[in-house]
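Just so it is clear, none of the values below were taken in a lab; they were calculated from the coordinates. From a predicted model like this one, the values you see are computed outputs, not experimental measurements. Here the Cβ is made from the backbone with ideal geometry for all residues, glycine too, and neighbour counts use every protein chain on show.
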Amino acid sequence: MGFRNGAYATVWDIKPGRGNYTDVRISIGRKDQTTGEYNNDFSGFCMFIGNARAKAEASPWNKVSGKGRIGVIASGISRAYLADALAENGWEKDVKVLELGFTWPLPENLLADFMSGCDTVLVLEELQPLVEQDLRALAQERKIDVSIVGKGPDLTIFGEYSTGAVARALAAVLGKEAQNKGLNAGKLVKEVAQ
């Protein structure tokens, strides 16, 4: 963690505090402007609110809709692409959707309940597969038998998604043909790289 004027903080100890808090012992190091050496102050403590996960579980920004054994978990702008892909292809009644609006900390109980009711879950998140990796770990930890589909030819870590990319990924999971195939970003990236 960095501060202005050559100061820095180092986390030394994390332990449960009283009530809904976690105590974190930190040292604040400040650079002596005359000697250039760092002096550490180990008296610092900060408290983090421990009920953040409970707030994530109950957040109104996380919304579940639809029914079925095929689930889709979407975060960020991918939620809009998903809504368009479902509407354009008439698939609104074919999938169960969890719009994940509160992503950190992840609402693990909500996600586990959602995945437990599905045979397959498609994860829609742009760039790095952070939610996807956490879902895989959560499913393994809680022994949830579900197939998790994420990054692949249409849903890459490069660039932005589109309604077409989401429709193609969803069509593959549903075993259907997408009406709006749009631009295949994965194929385009491979062609540009060659």
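Label sites at ALA58 and GLU177, each approximated as a point 7 angstrom past Cα along Cα to Cβ, lie 5.0 nm apart. Of the Cα atoms belonging to segment 81-165, the radius of gyration and Dmax stand at 13.1, 36 Å.
Put simply, when 111-117, 90-96 are sorted by average Cβ atoms within 10 angstrom per residue, most first, you get 111-117, 90-96.
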